[in-house]
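In what follows, a structure is listed as structure tokens, so that the remarks can point back to it.
Derivation of every value follows stated rules applied to the coordinates shown; laboratory data play no part. No experiment lies behind these values; they were computed from the predicted model shown. Virtual Cβ from ideal backbone geometry, glycine too; neighbours counted across all protein chains shown.
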Amino acid sequence: MLDGHRMMILTVGRSGDYFEVLPRLIFHEVVDREITRVIEIYPDGHTGIARSQDLLELGGACVPEHPDPEPSPPDDNSLVTIVISKEEFDRYWANALQRVERETGVRLET
């Protein structure tokens with residue numbers, strides 16, 4: 001994705017030891033093929049956020065250091081990708097900041 005916003009949903013289990021710790025819901029903001037903001041919702045309900053602008057990484061989320069490749073669908077149809085608007089992403093981001101503040105006590109600026 002060159003520019004835009006997306007939501008990815010992990011829908012079914014995968015084999016392996018790491019499935020239970022993988023986020024089930026992931027949001028990406030992509031600008032010039034760089035992922036700039038990330039929101040991740042984990043199976044235990046906690047929220048992870050990351051932002052490249054100030055190297056913010058909380059709750060297990062991180063911003064990848066490599067350019068964003070076009071996501072290829074997995075062979076087992078376990079990941080659903082949905083393109084969302086900037087307004088939708090910004091609303092999810094504001095909610096994620098509130099969740100992180102409730103979960104950790106850390107107040108973050110938008």
Worksheet item: Residues with amide H under 5 Å of LEU56's amide H, sequence separation 5 or more or different chain, H placed in the peptide plane at 1.01 Å from N; which?
Response: ARG51
Practice prompt. Using the Karplus curve 6.51 cos²θ - 1.76 cosθ + 1.60 with θ = phi - 60°, work out ³J(HN,Hα) for each residue of the range 21-29 in order, rounded to whole Hz, and write x for Gly and Pro.
Written response: 10, 7, x, 8, 10, 10, 10, 10, 10
Discussion item. Under 5 Å between amide hydrogens, which residues at least 5 positions from ASP68 or on another chain qualify, with H placed 1.01 Å from N in the peptide plane?
Written reply: GLU34, ILE35
Worksheet, complete the sentence: Taking VAL21, VAL38 and counting other beta carbon atoms within 10 angstrom, the fewest-first order is VAL21, VAL38
Response to the item:
In order over the range 53-66: 3J(HN,Hα) from phi, Karplus 6.51/-1.76/1.60, θ = phi - 60°, whole Hz, x for each Gly or Pro, gives 3, 10, 6, 6, 8, 9, x, x, 7, 8, 8, x, 8, 9
